[in-house]
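Novice: Attaching a single structure in structure tokens format; questions to follow.
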């Protein structure tokens, strides 16, 4: 099957330029393509997961990925989808974040023997001569057309800085540089980047008189139309220090029945026949499909060992045989913490089960908190040293699916 048909079947494709020509290009030869990653944090999050999986599909089909770290453009900030100007970052912060992203990408993409490349646009953007840039590149950009682009519309109404206005020409210049240096002919990414990607492909066609293409991916939305990847603690990070393998596993284990098929299609490499079989399960049997989804996603992002640990921890919590409590999220309580404030509401906040002490009080009052399976409604309930020094400590639960084990240091 053609790689574009594979991506379509699995639900990735949103928009494509010159689709018939792109089919021919990908059939004709190994094609170098790129996806950009802004180093705005030390870790990638779920928003990057769809493009990364698509890159892996493309590589398996014989094409060469370039992961472009936006060390240069991050100093400006992408206005796409933003109502306010992004916070400016230092060069040191950007470099630190870029290093973290490089390590994570290596888990998904094979960079050995030039099968994939990782480049940083700071290498060419930080040394640009501005007058040469606006004469050579800026001449090809229509201000009227730029202001009509989705990525600028919302920001224009609230106040678009000239700094941000440079983002589209600079991202387009990235594509041009990658074409010149690596014969890169295709940019792929999220659908919110469509306007920027169109301008990059157009710049190559104008400047080099060569074919260049853009392809965007759909956002993964819930059946209610809400973006996936948001948790009560914030973004669903791919870094185990920011989101534990257990929490990551549980996120996918608890998705709605209606979302199982699209998640299995886009977030795993299971054959589509198996995806359809699992998605067709009815009633309580659909939970088996969710377990497969959670396991496969956790294995991809972390590794098989962590996926198995998360699976065992979930089994232990929900009374299944063969489970283990060892890998449930654990918070270590020190003696000084107990002396300072040993109330349950404080422990709920410190352990991350509640976003604040007031949130913890509200959860307790609503009967949503359990300590070792006993419902607690007293906001002054305290956690004692003896409770924490039990062999397995104590198990806190908020709601039906949020757990944390407390043990004494």
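The values are calculated or read from the model by the stated rules, or taken from the named source; none is laboratory data. Just so you know, these numbers come straight off a predicted model, no measurement behind them. Counting neighbours? That spans all protein chains shown, and the Cβs are built from the backbone with ideal geometry, glycine included.
Novice: Here's a check for you: in the range 239-252, which residue that is modelled with pLDDT of 90 or more and out of contact with any strand residue (DSSP E or B) (no Cβ under 9 Å at 6 or more places or on another chain) is farthest from residue 5 (Cα to Cα)?
Specialist: 245
Novice: Which members of the range 2-34 meet the condition of being over 12 Å from residue 188 (Cα atoms) and part of a loop (DSSP other than H, G, I, E, B)?
Specialist: The answer is 2, 10, 11, 18, 29, 30, 31.
Novice: To continue, here is another question. Tell me, which helices (runs of 4 or more DSSP H) wholly within the range 148-218 include 3 or more residues that are under 17 Å from residue 67 (Cβ atoms), in contact with a strand residue (DSSP E or B) (Cβ under 8 Å, 6 or more places away or on another chain) and modelled with pLDDT of 90 or more?
Specialist: Output list reads 167-182.
Novice: Need the failing condition index for residue 203 against (1) surrounded by 15 or more Cβ atoms within 10 Å (Cβ to Cβ); (2) not assigned by TED's automatic domain parsing to the domain that holds residue 10, just the number.
Specialist: With (1) surrounded by 15 or more Cβ atoms within 10 Å (Cβ to Cβ); (2) not assigned by TED's automatic domain parsing to the domain that holds residue 10 applied to residue 203, the lone miss is (2).
Novice: From 259, 273, which residue is part of a helix (DSSP H, G or I) and either loosely packed, with under 15 Cβ neighbours inside 10 Å or assigned by TED's automatic domain parsing to the domain that holds residue 186 (or both)?
Specialist: Result of the check over 259, 273: 273.
Novice: Filter the range 113-130 down to the residues that are surrounded by fewer than 10 Cβ atoms within 10 Å (Cβ to Cβ) and modelled with pLDDT of 85 or more, then identify the one that is nearest to the chain's Cα centre (by Cα).
Specialist: 114
Novice: Hey, among 362, 291, which residue is over 22 Å from residue 256 (Cβ atoms) and at pLDDT 85 or above?
Specialist: 362
Novice: Same structure again: Look at residue 49 and say whether it is part of a strand (DSSP E or B) and touching a residue at least 12 places away in the same chain (Cβ under 8 Å).
Specialist: Criteria not met by residue 49.
Novice: In the range 8-25, which residues are under 23 Å from residue 205 (Cβ atoms) and touching a strand residue (DSSP E or B) at 6+ places or on another chain (Cβ under 8 Å)?
Specialist: 13, 14, 15, 16, 17, 18, 21, 22, 25
Novice: Shifting gears a bit: Give just the number: which of (1) over 24 Å from residue 243 (Cα atoms); (2) in contact with a strand residue (DSSP E or B) (Cβ under 9 Å, 6 or more places away or on another chain); (3) assigned to a helix (DSSP H, G or I) does residue 367 not satisfy?
Specialist: Answer for residue 367: the failing condition is (3).
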